[in-house]
Amino acid sequence: MKIIKTALIVSIALNVLLVGAAAFYIQMNGGERFLKEQWRTLTSDQPFNDYYLNQKSVFEAAPANAPVDKAFIGDSLTDHGQFGEYFPGETVINRGIRDDTSYNVLHRIKEVVDREPKEAYILVGINDIMEGVGPEEYEKNVRKIIEAFDHGKTEVTLLSILPVNHDLIGNSIRDEEIAKYNGILKKIAEERGVRFADLHPAFLDDKGQLDQRYTIDGVHLNGAGYDVWMEKMK
């Protein structure tokens, strides 16, 4: 009887922990809005969520009044950045959309290409890893993104996937996977003759994780993190 009670207590405790972890993840990704988006994605034939479709339409409708000096392209790490303020006197566009994978970026890259930016900085991959996109598929998508640009007009830079902090997010994203996908990016850059900027080491703490000085949730960057990123761009 005591064994049964102990097992029941352990089971309840584990379920409480799982519910707590799920609640934390949902809250970090937008709470009720996140749940609604996920439900719509699961119950719809449309592969892109409302936020993606809205942002894509906004990007496409934006006037092209001046030559673009720098274009930043990627997922939430790019979406959250205020890049224009780091480059006064230059025309800088932000083409980040939270939750984007390499496939999502590929689906909308034409809008960026058509603006013929002098420099394009691409940071995408962490969501591919989280969603189980295989390395072959990831490589194929990134290659197509690179090939979409006219390299006579645009200098393309692939940015490495950043580390995560396991103390904050657990072990759902393994360091070995990040290293593998960064290896893919480096290989593509070498073969295609584009730049590869390895930002990864600049964000590591002494345990090899994303330094907590640069993050709140273990994945996304805070203000100090963006300062480090932009400093590496100089």
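The values are calculated or read from the model by the stated rules, or taken from the named source; none is laboratory data. In this text, all values refer to a predicted model and were calculated from it rather than measured experimentally. Cβ sites come from the backbone with ideal geometry, for glycine too, and all protein chains shown count toward neighbours. In case anyone asks, the SASA skips ligands and DNA or RNA and just uses the protein heavy atoms, side chains included. Shrake-Rupley method; radii C 1.70, N 1.55, O 1.52, S 1.80 Å.
Do the conditions hold for Lys153, that is, is it among the charged types (D, E, K, R) and part of a helix (DSSP H, G or I)? Full working, then the answer.
Values: among the charged types (D, E, K, R): yes; part of a helix (DSSP H, G or I): no.
No; evaluated as a whole, the condition is false for this residue.
When you go through (1) under 19 Å from Phe72 (Cα atoms); (2) touching a Lys or Arg at 6+ places or on another chain (Cβ under 7 Å) one by one for Pro135, which number turns out not to apply?
Evaluating Pro135 over (1) under 19 Å from Phe72 (Cα atoms); (2) touching a Lys or Arg at 6+ places or on another chain (Cβ under 7 Å) leaves (1) as the failure.
Being under 18 Å from the mean Cα position of the chain (by Cα) and open to solvent by 40 Å² or more (accessible area, probe 1.4 Å) is the filter here, so list the residues in region 140-158 that pass it.
Scanning region 140-158 gives Lys140, Arg143, Lys144.
Among (1) at pLDDT 95 or above; (2) small (Gly, Ala, Ser); (3) part of a loop (DSSP other than H, G, I, E, B); (4) open to solvent by 10 Å² or more (accessible area, probe 1.4 Å), there is one condition Gly183 misses while meeting the rest; what is its number?
(3)
With the condition kept exactly as written, say whether any residue in region 93-100 is touching a residue at least 12 places away in the same chain (Cβ under 8 Å), open to solvent by less than 20 Å² (accessible area, probe 1.4 Å), touching a His at 6+ places or on another chain (Cβ under 8 Å) and not in a helix (DSSP H, G or I).
yes
Given the condition modelled with pLDDT under 95, buried (at least 17 other Cβ atoms within 10 Å of the Cβ) and of a type in the set (A, V, I, L, M), answer yes or no: does some residue in region 200-223 qualify?
Checked region 200-223: no residue is modelled with pLDDT under 95, buried (at least 17 other Cβ atoms within 10 Å of the Cβ) and of a type in the set (A, V, I, L, M).
Check whether at least one residue in region 52-67 is within 18 Å of the chain's Cα centre (by Cα), modelled with pLDDT of 95 or more and of a type in the set (Gly, Ala, Ser), and report yes or no.
No, region 52-67 contains no residue that is within 18 Å of the chain's Cα centre (by Cα), modelled with pLDDT of 95 or more and of a type in the set (Gly, Ala, Ser).
Given the conditions (1) loosely packed, with under 13 Cβ neighbours inside 10 Å; (2) outside any loop (DSSP other than H, G, I, E, B); (3) in contact with a helix residue (DSSP H, G or I) (Cβ under 9 Å, 6 or more places away or on another chain), which single one is not true for Glu176?
Every listed condition holds for Glu176 apart from (3).
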